[in-house]
Amino acid sequence: DVQLQASGGGRVQPGGSLRLSCARSGFTVEDYAIGWFRQAPGKEREEVSCIKSGGGRTYYADSVKGRFTISRDNAKNTVYLQMDSLKPEDTAVYYCAALLEVAGSCFGPFVSWGQGTLVTVSS
């Protein structure tokens, strides 16, 4: 029912930009937050950013604040992650997920997630 399609990954030089997209389908109730996560080889999954369904409130990991911007286009049923000033440390597989709304936090329990998209930042 709730399906996600992540795309937009690729290779970019340090300082470059990339825009990831998370296309959503099967949403009948707008009570899901959408979160972006990433996982590098040998590392645990990291919360990157999240946007709530109501009010558009956003959250960012300290490591990406000021560089990444999450947004949504309701007409296209898509959530974006604009990544600027990319660093080699940002290299990871990125994926998005639908999350249950939790008071005080955007990163609630997982409802569904799609395939990841690889982001590689190197010279």
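Numbers at a glance
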quantity: Residue that is surrounded by the fewest Cβ atoms within 10 Å (Cβ to Cβ) [pool: residues in the range 88-112 that are assigned to a loop (DSSP other than H, G, I, E, B) and touching a residue at least 60 places away in the same chain (Cβ under 8 Å)]; calculated: Glu101
quantity: The range 19-71 - residue that is of a type in the set (Asp, Glu) and within 12 Å of the chain's Cα centre (by Cα) and, of those, most open to solvent (accessible area, probe 1.4 Å); calculated: Glu47
quantity: Number of the condition not met by Ser123 [criteria: (1) touching a helix residue (DSSP H, G or I) at 6+ places or on another chain (Cβ under 9 Å); (2) at pLDDT 95 or above]; calculated: (2)
quantity: Residue match in the range 1-15 (condition: within 17 Å of Val121 (Cβ to Cβ), out of contact with any Gly (no Cβ under 9 Å at 6 or more places or on another chain) and either buried (at least 18 other Cβ atoms within 10 Å of the Cβ) or among the hydroxyl-bearing types (Ser, Thr, Tyr) (or both)); calculated: no
quantity: Within the range 17-87, strands (runs of 3 or more DSSP E) holding 1 or more residues that are farther than 20 Å from Val2 by Cβ and among the charged types (D, E, K, R); calculated: 18-25, 32-39, 46-51
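The values are calculated or read from the model by the stated rules, or taken from the named source; none is laboratory data. These figures come from a predicted structure and were not determined experimentally. Every residue, glycine as well, gets a Cβ built from its backbone with ideal geometry; the counts of neighbours run over all protein chains shown. Side chains included, ligands, DNA and RNA excluded: accessible areas come from the protein's heavy atoms. Shrake-Rupley method; radii C 1.70, N 1.55, O 1.52, S 1.80 Å.
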